[in-house]
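These notes are about the structure you will find just below.
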Amino acid sequence: MKKSLMIIAIISSVLLSGCSLLEEVNNSLEYANKATEHINTWQDFGQEAPQMIQEAATNPETKQELEAELNALLEEIDEFNETEAPAIAADLHQQIVEKNEALKEIINDAMANGELALEELQNSELITTINEITKLMNLVEDLGN
């Protein structure tokens, strides 16, 4: 009887730990997908931004589009920063959050009084910081594998 209970206890603990491991893998994959999507958003914006900034100087409609895009990116930053990262991705998440905060500061500095100051944005480290965050993609891809 004792042997049977012990065997059941061992099998149960193996199954439960297996479920926990599977859950951690699923959480890691889910996080990797969110991080990939987030970084891709920044990468796309980084490719469009120089042209948009240049056009916004002479085209009020483009300036409004740029302002709307920047506001959407601020919301994206807040949403991503609130994402709960699995333990295996905690350091990576912190790196992305730090870059997000730097981007947020750059955007907020350029959006003084609710209006976009193009010169401030042009003279900022926006593109450099976007490039730094996109370099983290390799780490995200490693997490997903």
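FYI, it's all coordinate maths here, none of it is from the lab. Predicted, not measured: the structure shown is a model, and the values here were computed from it. Reconstructed Cβ throughout: ideal geometry from the backbone, glycine too, with neighbour counts over all protein chains shown.
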DSSP-assigned coil residues among GluC sites (Glu not before Pro) in the stretch 86-145, each with at most 15 further Cβ atoms within 10 Å
115, 125
Roughly how far apart, in whole Å, are the Cα centres of the stretch 36-84 and the stretch 119-140?
12 Å
Once phi is turned into ³J(HN,Hα) by the Karplus curve 6.51 cos²θ - 1.76 cosθ + 1.60 with θ = phi - 60°, what whole-Hz value does each residue of the stretch 47-63 show in order, with x for glycine and proline?
6, 8, 4, x, 5, 4, 4, 5, 5, 5, 5, 10, 10, x, 5, 5, 4
Amide H contacts of residue 111 (H built 1.01 Å from N, under 5 Å, at least 5 apart or other chain)
117
